[in-house]
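The structure appears right after this line, and notes come after that.
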Amino acid sequence: MNRTPPPHRHHRRLGVELGKSVVYQESNRETRVDVKESVRGQTIFIIQTIPRDVNTAIMELLVMAYALKTSCAKNIIGVIPYFPYSKQCKMRKRGSIVCKLLASMLAKAGLTHIITMDLHQKEIQGFFSFPVDNLRASPFLLQYIQEEVPDYRNAIIVAKSPSAAKRAQSYAERLRLGLAVMHGEAQCSESDMADGRHSPPCVRNTSGHPGLELPLMMAKEKPPITVVGDVGGRIAIIVDDIIDDVEDFVAAAEILKERGAYKIYIMATHGLLSADAPRLIEESAIDEVVVTNTVPHEVQKLQCPKIKTVDVSMILAEAIRRIHNGESMAYLFRNITVDD
């Protein structure tokens, strides 16, 4: 089964014909799915890459899964290389954990299993009531560094914030390279209003109970950006899972250049690269942005030759084959560390 646009190469690698189905939008933008063959008692894989219009893609996936469920398919497995809304996996202010909502919706629609890649937080797997195979892109990105970055032994792996340090450490150890961590923020930036520093002040409850005396909460104060570790005379390789808004990456590259790094690479699994990201990268101190093809980014590559792509279709194809044949998935996770 597949959406009508041409999919990635998994089915070509497996030598399997695509299932016959049509996915389209009615004139009022409603999503409609017609399955054109019997799926009774079968295991169906729905390949859904998430393009620009995230919400349409989610709706297509839900409607397709539900169409298969009500046509008595035995297993319905979503192949969703980049899982959308994965950044909304923590409670912020009075928002909600949208990622958990999406997990429940997919289960309700009939999905019984998901294959995805580099979830934003590994714990997202626990939002699902069915198995999730969270494949890793790091072996492909590590291979790229070893084969395509000239003189990579003179590189240092950089985490652009302490939260990315675990992933960076895991890369540094496997490549046997040093590690640098950046922390703090540009002093003028209001980048993350969501970390609670600007919460409304506590209003005393005047009527009835006076309220308990809580300890005074210390206001959070981030220092100016500093780099822990020496990047002078080195190739700096910033690693992260998603590159979308590039302002942070561009600012990090500037600082690494100031500290003496002579070449700057960014390695990320999901290259969302929204809005004017390609132009900003092209004008920045970044030499190369390496992403995988979990998300379509052909348009961005036309605007910015610095963007390079690593193909991960073979590991997705192999995951599909193993699940279909009831084989162990352990082989796909060899040498994957807990922090990866």
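Residues of the range 260-279 that are over 21 Å from V312 (Cβ atoms) and either surrounded by fewer than 19 Cβ atoms within 10 Å (Cβ to Cβ) or within 17 Å of the chain's Cα centre (by Cα) (or both): G260, Y262, A275, D276, R279. The residue pairs whose first member lies in the range 65-77 and is in the same structural domain as G41 (by the TED database) and in contact (Cβ under 8 Å) with a residue 60 or more places away in the chain, whose second member is open to solvent by less than 20 Å² (accessible area, probe 1.4 Å) and in a helix (DSSP H, G or I), and whose beta carbons are closer than 9 Å, counting only pairs six or more residues apart or on different chains, are I77/I320. Remark: I76 matches the filter, which requires a residue to be farther than 21 Å from E30 by Cβ, open to solvent by less than 20 Å² (accessible area, probe 1.4 Å) and at pLDDT 90 or above. For the range 151-163, indicate whether the set of residues that are open to solvent by less than 40 Å² (accessible area, probe 1.4 Å) and farther than 30 Å from K222 by Cα is non-empty. Within the range 151-163 (the criterion being open to solvent by less than 40 Å² (accessible area, probe 1.4 Å) and farther than 30 Å from K222 by Cα), the answer is yes, since at least one residue qualifies.
Only one of the listed residues (V250, V338) is surrounded by fewer than 23 Cβ atoms within 10 Å (Cβ to Cβ), assigned by the TED database to the domain that holds R174 and without any contact (Cβ under 8 Å) to a residue 40 or more places away in the chain. That residue is V250.
Answer yes if at least one residue in the range 232-247 is over 28 Å from E185 (Cβ atoms) and either surrounded by 14 or more Cβ atoms within 10 Å (Cβ to Cβ) or touching a Pro at 6+ places or on another chain (Cβ under 6 Å) (or both), and no otherwise. Taking every residue of the range 232-247 in turn, none turns out to be over 28 Å from E185 (Cβ atoms) and either surrounded by 14 or more Cβ atoms within 10 Å (Cβ to Cβ) or touching a Pro at 6+ places or on another chain (Cβ under 6 Å) (or both). Checking each residue in the range 257-285 for being without any contact (Cβ under 8 Å) to a residue 40 or more places away in the chain and β-branched (V, I, T) picks out I264, I266, I281.
Residues in the range 297-334 that are open to solvent by less than 20 Å² (accessible area, probe 1.4 Å) and without any contact (Cβ under 8 Å) to a residue 60 or more places away in the chain: H297, Q300, C304, I307. Given the criteria touching a strand residue (DSSP E or B) at 6+ places or on another chain (Cβ under 9 Å), open to solvent by 80 Å² or more (accessible area, probe 1.4 Å) and in a loop (DSSP other than H, G, I, E, B), does K93 qualify? Criteria not met by K93.
Residue by residue, here is whether (1) outside the structural domain of D240 (by the TED database); (2) touching a strand residue (DSSP E or B) at 6+ places or on another chain (Cβ under 7 Å) holds:
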residue: A277; (1), (2): no, no
residue: E283; (1), (2): no, no
residue: V289; (1), (2): no, yes
residue: T292; (1), (2): no, yes
residue: P296; (1), (2): no, no
residue: K301; (1), (2): no, yes
residue: E318; (1), (2): yes, no
residue: R321; (1), (2): yes, no
residue: A330; (1), (2): yes, no
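Looking across L111, L61, one residue alone is closer than 30 Å to D240 by Cα, modelled with pLDDT of 85 or more, over 17 Å from the mean Cα position of the chain (by Cα) and part of a loop (DSSP other than H, G, I, E, B). It is L111.
The values are calculated or read from the model by the stated rules, or taken from the named source; none is laboratory data. Bear in mind that the values here come from a model prediction, so they are computed numbers and not experimental data. Glycine also receives a Cβ, built like all others from the backbone with ideal geometry; neighbour counts cover every protein chain displayed. When the accessible area is computed, the model is the full protein with side chains, heavy atoms only, and any ligands, DNA or RNA have been set aside. Shrake-Rupley method; radii C 1.70, N 1.55, O 1.52, S 1.80 Å.
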